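All remarks here apply to the structure that follows.
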Amino acid sequence: MPKIVIAIDGYSSCGKSTTAKEVAARMGYGYIDTGAMYRAVSLFFIREHVSLSNTREVMAALDKIHITFNHNNRTGKNETCLNGLNVEEEIRKMYISNIVSEVSAIPEVRWAMVAQQQKMGRRRGVVMDGRDIGTKVFPDAEVKVFMTADTHTRAKRRQQELLAKGELVNLEDIIKNLEKRDLIDTTRSESPLVQAPDAELLDTSHMTIEEQVDWVIERADRRL
Ligand code: C5P
């Protein structure tokens, strides 16, 4: 059976990655979390004190970054690895969320990540979630979904996720972070977050993960 690309874009904390992961598992496809890649770059930049406004420093740092995804058979979870080391837990923390949109707005960072993402999906058979998958990374994706949800629902979900990892953050701070990231993501010059003309809108405010997964699978089935 031919394999397709499923692009899931949208705002932060709409349930993109949970849905994408489950869709990939049900279809026997690979899952690529492109947000994790920008988060790993942000972590490297912080650790190496890279000045975001210095293009030369940014480019030199990008040359030293190697991002891979590893499936841990013991925990059953996907791990993001930065230069071979598991950084999955670290990149989800709030201090990374606070700078990741500024890092991912740097054109050189985007060019490097988009090239890697295109390489990762070149054989198709992938579910990729992010902000520019259907517009930039795979404009020829067979299924394109653009996810949204109301801000309060998104913030509550994010708060629960952080709490489950032991980080207690108040709702106001999360809302501020989501709104700031949305603003930077939608207004940056290089591949801003925008619904592709051929993407279908999915508002997840009142949907369960199961319903979201079924909705995407139904679209995928029509293309197979
Ligand atoms: O998906 P997640 O919320 O983890 O992504 C973190 C940040 O990475 C987003 O807020 C956005 O600034 C950036 N991002 C991006 N392009 C992508 C994926 C994520 O700019 N394809």
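The values are calculated or read from the model by the stated rules, or taken from the named source; none is laboratory data. Just so it is clear, the model here is predicted, and its values are computed rather than measured. With ideal geometry, Cβ positions are generated from the backbone for all residues, glycine too; neighbour counts draw on all protein chains shown.
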Practice item. Quickly run through region 10-44 and pick out the residues that are touching a helix residue (DSSP H, G or I) at 6+ places or on another chain (Cβ under 6 Å) and aromatic (F, W, Y). Key: Y11, Y31, Y38
**Study point:** Filtered residues of region 45-75 (kept if within 16 Å of the ligand (Cβ to nearest atom) and surrounded by 20 or more Cβ atoms within 10 Å (Cβ to Cβ))
**Key:** F45, V58, I67
Review point. Does region 119-135 include one or more residues that are among the acidic types (D, E) and within 13 Å of the ligand (Cβ to nearest atom)?
Key: yes
Review point. Could we say that V145 is in contact with a strand residue (DSSP E or B) (Cβ under 6 Å, 6 or more places away or on another chain), buried (at least 18 other Cβ atoms within 10 Å of the Cβ) and either under 23 Å from K3 (Cα atoms) or modelled with pLDDT of 95 or more (or both) here?
Key: yes
Review point. For C81, which of the numbered conditions (1) over 20 Å from V5 (Cβ atoms); (2) within 12 Å of the ligand (Cβ to nearest atom) fails to hold?
Key: (2)
Review point. Out of all the residues in region 104-112, is one or more not in a helix (DSSP H, G or I) and not acidic (D, E)?
Key: yes
Review point. Which residue pairs have Cβ atoms under 8 Å apart, sit 6 or more places apart or on different chains, and have a first residue in region 184-201 that is under 29 Å from R223 (Cβ atoms) and more than 8 Å from the ligand (Cβ to nearest atom) and a second that is at pLDDT 95 or above and hydroxyl-bearing (S, T, Y)?
Key: P192/T186; V194/T135; V194/T186; A196/T135; L201/T148
**Study point:** Unmet requirement for E88, which otherwise passes all of (1) within 26 Å of R154 (Cα to Cα); (2) of a type outside the set (S, T, Y); (3) near the ligand (Cβ under 10 Å from one of its atoms)
**Key:** (3)
Point to revise | Condition met for Y29 (more than 16 Å from the ligand (Cβ to nearest atom), under 30 Å from D203 (Cβ atoms) and crowded, with 19+ Cβ neighbours inside 10 Å) | key: yes
**Study point:** Selection status of Q160, touching a residue at least 24 places away in the same chain (Cβ under 8 Å) and polar (S, T, N, Q)
**Key:** no
Revision key, fill the gap. When S53 is run through (1) more than 30 Å from D221 (Cβ to Cβ); (2) not in a loop (DSSP other than H, G, I, E, B), the failure sits at (2)
Practice item. For region 114-141, name all the residues that are buried (at least 24 other Cβ atoms within 10 Å of the Cβ) and in a helix (DSSP H, G or I). Key: I133, G134, V137
Check your understanding: Residue check: is K165 modelled with pLDDT under 95 and either surrounded by fewer than 20 Cβ atoms within 10 Å (Cβ to Cβ) or under 14 Å from the mean Cα position of the chain (by Cα) (or both)?
Key -> yes
Revision key, fill the gap. Note on region 9-26: residues of a type in the set (A, V, I, L, M) and either touching a residue at least 12 places away in the same chain (Cβ under 8 Å) or within 12 Å of the ligand (Cβ to nearest atom) (or both) are A20, V23, A24
Review point. When you look at I99, is it part of a helix (DSSP H, G or I), β-branched (V, I, T), within 11 Å of the ligand (Cβ to nearest atom) and out of contact with any Pro (no Cβ under 6 Å at 6 or more places or on another chain), yes or no?
Key: yes
